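Heads up, the thing below is written out as structure tokens.
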Ligand code: ADP
Ligand code: GLC
């Protein structure tokens, strides 16, 4: 089975969040199910060295304002197709943002181009590799199935995964022809969304199958509270929508072999976490905590409930806990966190920035990880928390609700609790969850058992990769049948 992935990021090459982790790990798991994956990615500057060693497989003349080519290379076990288009991707700044932190004004063109290149590969293949299924991810690749719908119907079926419905890629409709979109597609049943083009809506409308990244989120996006205006369309496509939980790369995220940890450890030797904790508290000049060391590893945005965290900081500090926050995002949240850190200078640190090694170190040292998201399609940091025995304290929403077993009376009695849940968006409930955590922490035997259970909890891709494989197989047979008729 040949499947083309098209995405805007892929770990370890280029990452701003969980999308990259998924694109960098799911294909490896799918290969185990007998699926051959090629990943089409923009050749951002961080990929330039890889691109210079890659083989050119296609030229795209007159490509959205310049020349482009597609280059093929294998790295870290992943088969990459790099879309080399310097006029679109070779610039200083972020993937989506200018150095000043604003959206690139031509993002609509940059990602339409990525989608268009994906559609070209569907039609012409690369060498003799022609995809049987295309799997697109988030709004950046949502136009791909719309482009395919404009072509003769030898095109492969499309699976679209919604990683976060809050980001929809809205484009002024005046760009329709510049983006090579047929104006007949610009209808309420097609691309149109309140007078604009919605890339995500296009993806949902024109794909044969829609997935999202947890079963609970698949239900939540059918509601007006969490569907961000697309709930009606999704309800109409309910039979084609499924929630498949994300997994993680358990080799890359392995506390037994993690080079970022001073003291690697296993389920049996998890007490060594204490040494990692001591080291990191020393490194950050925090007083040695009597309570748990909490960490936060997150984009600092409203979605992630960082304002709730700010409210809870006095409670945390009163519980004699320590807190280290690693993140970047909204300026006011960054500033408020720094103000709190200077107020509680011997118990709290904030590291502003994106630092992969530090994320591993924090997981290996912390007793618990706080994830107070207002909504969370899946979330990966709670899975990393489980794997590293950093007990996840999570809001009961989306994939957080699906992956963490709350330490209530029933689950503690049944010996299956792996973390703590609280009502999403409720700061009193969050503070209560922190209290419950501190209380459990004071009971060493309960706490140690919980760490053991968390670390043993299955967080890999096996089941979910099999579910995706099943979808691809079904779509290929459906396509065969529908073309035979
Ligand atoms: P989202 O994709 O919504 O940001 P996820 O939990 O799915 O949330 O994934 C976030 C990913 O980004 C995880 O791999 C997490 O470790 C990583 N991450 C987030 N912020 C930082 C940071 N400041 N430094 C390093 N890694 C980070
Ligand atoms: C998005 C979501 C996050 C999810 C990730 C990977 O960034 O916000 O919840 O884990 O995609 O699917």
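The values are calculated or read from the model by the stated rules, or taken from the named source; none is laboratory data. All values reported here derive from a predicted model rather than from experimental measurement. Note that we place each Cβ from the backbone using ideal geometry, even for glycine, and neighbour counts take in every protein chain shown.
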Discussion item. Within 27 Å of the chain's Cα centre (by Cα), surrounded by 22 or more Cβ atoms within 10 Å (Cβ to Cβ) and either within 16 Å of ligand 1 (Cβ to nearest atom) or in a strand (DSSP E or B) (or both): is that true of residue 217 in this structure?
Written reply: yes
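Let's see how each residue does on (1) buried (at least 21 other Cβ atoms within 10 Å of the Cβ); (2) over 30 Å from residue 226 (Cα atoms):
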{"position": "344", "(1), (2)": "no, yes"}
{"position": "366", "(1), (2)": "yes, yes"}
{"position": "384", "(1), (2)": "yes, no"}
{"position": "431", "(1), (2)": "no, no"}
{"position": "452", "(1), (2)": "no, yes"}
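State all residues of region 413-424 that are surrounded by fewer than 16 Cβ atoms within 10 Å (Cβ to Cβ) and touching a helix residue (DSSP H, G or I) at 6+ places or on another chain (Cβ under 9 Å); if no residue qualifies, say none.
Taking region 413-424 first, the residues surrounded by fewer than 16 Cβ atoms within 10 Å (Cβ to Cβ) are 413-416, 423.
Selection gives 415, 416, 423.
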Discussion item. Looking only at residues that are touching a helix residue (DSSP H, G or I) at 6+ places or on another chain (Cβ under 7 Å) and not in a strand (DSSP E or B) in region 152-164, which one is farthest from ligand 1 (Cβ to nearest atom)?
Written reply: 155
Discussion item. Exactly one condition in (1) more than 16 Å from ligand 2 (Cβ to nearest atom); (2) out of contact with any helix residue (DSSP H, G or I) (no Cβ under 8 Å at 6 or more places or on another chain); (3) outside any helix (DSSP H, G or I); (4) within 29 Å of residue 249 (Cβ to Cβ) is false for residue 121; which is it?
Written reply: (3)
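Looking at residue 205, is it within 15 Å of residue 144 (Cα to Cα) and either at pLDDT 95 or above or touching a strand residue (DSSP E or B) at 6+ places or on another chain (Cβ under 8 Å) (or both)? Steps first, answer last, please.
Details: within 15 Å of residue 144 (Cα to Cα): yes; either at pLDDT 95 or above or touching a strand residue (DSSP E or B) at 6+ places or on another chain (Cβ under 8 Å) (or both): yes.
Judged against the criteria, residue 205 is a match.
For every residue, the table says whether it meets (1) modelled with pLDDT under 95; (2) part of a helix (DSSP H, G or I).
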position: 5; (1), (2): no, no
position: 8; (1), (2): no, no
position: 20; (1), (2): no, yes
position: 23; (1), (2): no, yes
position: 28; (1), (2): no, yes
position: 34; (1), (2): yes, no
position: 37; (1), (2): no, no
Discussion item. Which count do you get for residues in region 88-104 that are touching a strand residue (DSSP E or B) at 6+ places or on another chain (Cβ under 8 Å) and not in a strand (DSSP E or B)?
Written reply: 5
Fill in: Single residue of region 1-23 satisfying the filter (buried (at least 23 other Cβ atoms within 10 Å of the Cβ) and more than 18 Å from residue 114 (Cα to Cα)) that is nearest to ligand 1 (Cβ to nearest atom)
18
Item to complete: Given the conditions (1) touching a helix residue (DSSP H, G or I) at 6+ places or on another chain (Cβ under 9 Å); (2) within 25 Å of residue 241 (Cα to Cα); (3) not in a loop (DSSP other than H, G, I, E, B), report the number of the one that residue 463 does not fulfil.
Response: (1)
Discussion item. Please pick out the residue among 222, 144 that is in a helix (DSSP H, G or I) and modelled with pLDDT of 95 or more.
Written reply: 144
Discussion item. Exactly one of these conditions fails for residue 167: (1) within 14 Å of ligand 2 (Cβ to nearest atom); (2) farther than 21 Å from residue 108 by Cα; (3) free of Cβ contacts under 8 Å to residues at least 40 places away in the same chain. Give me its number.
Written reply: (2)
Discussion item. I want to confirm something. Restricting to region 302-322 and keeping residues that are within 15 Å of ligand 1 (Cβ to nearest atom) and at pLDDT 95 or above, which single residue is nearest to residue 437 (Cα to Cα)?
Written reply: 309
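Could you say which residue among 94, 127 is farther than 22 Å from residue 27 by Cβ, surrounded by fewer than 22 Cβ atoms within 10 Å (Cβ to Cβ) and in contact (Cβ under 8 Å) with a residue 12 or more places away in the chain?
On the way: 127 fails: farther than 22 Å from residue 27 by Cβ.
None of the other options fit; the residue is 94.
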Discussion item. As an exercise: evaluate residue 268 against (1) assigned to a loop (DSSP other than H, G, I, E, B); (2) touching a residue at least 12 places away in the same chain (Cβ under 8 Å) and give the number of the one condition it does not meet.
Written reply: (2)
Discussion item. Looking at residue 181 and the list (1) surrounded by fewer than 22 Cβ atoms within 10 Å (Cβ to Cβ); (2) more than 16 Å from ligand 2 (Cβ to nearest atom); (3) assigned to a loop (DSSP other than H, G, I, E, B), which single condition is not satisfied?
Written reply: (1)
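If we scan region 252-264, do we find a residue that is in a helix (DSSP H, G or I) and closer than 27 Å to residue 463 by Cα?
To start, the set of residues in region 252-264 that are in a helix (DSSP H, G or I) comprises none.
Scanning region 252-264, I find no residue that is in a helix (DSSP H, G or I) and closer than 27 Å to residue 463 by Cα, so the answer is no.
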